[in-house]
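Quick notes on the structure that follows.
The values are calculated or read from the model by the stated rules, or taken from the named source; none is laboratory data. Note that the coordinates shown come from a computational prediction; the quantities given were computed from them, not determined experimentally. In this analysis, Cβ positions are derived from the backbone assuming ideal geometry, glycine residues included, and neighbour counts consider all displayed protein chains.
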Amino acid sequence: MWAAARPGSTRARLAWLVAGAAVVISLGAAACSASSANGPEPTVKSAPPVRALAARHAPAAWHTANLLGGQAVLAYPPAMHLVASDRGTVSAAQFTAAGGYLIYLNATPKQSTETLRNWPGFRIEHLKKENAVTARLLAVSRGVRFLGGTGTCVVDDYVTKIKSNHYTELACFVRGQTTASVIVAAAPTARWPSASAVLMRAVAAYQVR
Amino acid sequence: MSRTFSTTLIGSLALLAALVAGCSSHSTTTHHHATHSSAPASSGGGGGGIPQNNGGDHDGDNNGGPSDGDGNV
């Protein structure tokens, strides 16, 4: 059919145009798909897994706070107290006598394009874009079991744009049966070795639905 | 260069431009404020999100505190 077209004829021009368009569309679609489907994934492949994360109910003495609409329940130890945060989110913190952060917890409903798959890259890029001058991925675990759901978790550290504070965090994107949310557990990097146990315990007790 | 080839080239370039534009618009992070009605739109942040240094919603993470789980701010 195509071979029958005479050079210079309308049919031949149409054939050239269709063939060219097909090639361009194929190349463009492939490039577009590769760059946008899962978001950026910097250094994810080389990160070790997050250790010692296993879903467990919080100790009886801990407090709890519900995310907007009961989407999730954040459990926090008695030494922490609720602090102001964005509408619809829950944050708890413990401070030093001088007012600095000792430990910090936050639960936030899914608000953007984060997914279980793109979470590691999404979190690092988000930190760099909004809060941090540097952000470094330290560990990644996928398929982490939560009470009522499954999550992708990262451990990373970053330096804030304001005041150049160094923090290390465990941040998980968690999908339940009907909801998706993020839990962040952070401490100043210098305190992370002593703070991480209680923070990981709080993340393990995070309950979604 | 033949007229046929020119026609094909121009058509292909136009398609490529359209595809690149469409691709960019999908891969850029959306900055919608689903639960942030208090965020002012023009406080000079320059980055597309809520400004740092106690701007916008006055969150701890705009003051050098730990980052929250917000996908936008």
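Can you name the residue in region A:93-123 that is among the hydrophobic types (A, V, I, L, M, F, W, C) and surrounded by fewer than 24 Cβ atoms within 10 Å (Cβ to Cβ) and is also farthest from the other protein chains (Cβ to nearest Cβ) among such residues? Checking each candidate, the answer is A:A97.
If I filter region A:178-186 for residues that are closer than 15 Å to B:D68 by Cα and out of contact with any Phe, Trp or Tyr (no Cβ under 9 Å at 6 or more places or on another chain), do I get at least one hit? First the steps, then the outcome.
Narrowing region A:178-186 to residues closer than 15 Å to B:D68 by Cα: A:181-186.
Restricting the remaining residues to those that are out of contact with any Phe, Trp or Tyr (no Cβ under 9 Å at 6 or more places or on another chain) gives none.
For region A:178-186, residues closer than 15 Å to B:D68 by Cα and out of contact with any Phe, Trp or Tyr (no Cβ under 9 Å at 6 or more places or on another chain): absent.
When A:D157 is tested against (1) more than 27 Å from A:A79 (Cβ to Cβ); (2) among the acidic types (D, E); (3) at pLDDT 95 or above, only condition (1) is not met. Taken across region A:145-166, residues that are more than 13 Å from chain B (Cβ to nearest Cβ), farther than 17 Å from A:L105 by Cα, assigned to a strand (DSSP E or B) and without any contact (Cβ under 8 Å) to a residue 12 or more places away in the chain do not occur at all.
Residue-by-condition table, conditions (1) aromatic (F, W, Y); (2) more than 15 Å from the chain's Cα centre (by Cα); (3) within 26 Å of B:N63 (Cβ to Cβ):
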residue: A:L147; (1), (2), (3): no, yes, no
residue: A:D156; (1), (2), (3): no, no, yes
residue: A:S181; (1), (2), (3): no, no, yes
residue: A:S194; (1), (2), (3): no, yes, yes
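For residues that are within 11 Å of chain B (Cβ to nearest Cβ) and under 24 Å from A:R175 (Cα atoms), tally how many sit in region A:70-92. Counting residues in region A:70-92 that are within 11 Å of chain B (Cβ to nearest Cβ) and under 24 Å from A:R175 (Cα atoms) gives 9.
Name the single residue that is nearest to the other protein chains (Cβ to nearest Cβ) among those in region A:168-183 being of a type in the set (V, I, T) and buried (at least 24 other Cβ atoms within 10 Å of the Cβ). Please lay out each step first, then the result.
To start, the set of residues in region A:168-183 that are of a type in the set (V, I, T) comprises A:168, A:174, A:178-179, A:182-183.
Filter again for buried (at least 24 other Cβ atoms within 10 Å of the Cβ), leaving A:174, A:182-183.
Details: A:V174: 10, A:V182: 3, A:I183: 7 Å.
Here the answer is A:V182.
Of all residues in region A:164-193, those that are out of contact with any strand residue (DSSP E or B) (no Cβ under 8 Å at 6 or more places or on another chain) and either hydroxyl-bearing (S, T, Y) or closer than 17 Å to A:R56 by Cα (or both) total 1. Here the strands (runs of 3 or more DSSP E) wholly within region A:1-90 that include at least 2 residues being at pLDDT 70 or above and either exposed (fewer than 15 other Cβ atoms within 10 Å of the Cβ) or not assigned by TED's automatic domain parsing to the domain that holds A:I103 (or both) are A:63-66, A:81-83.
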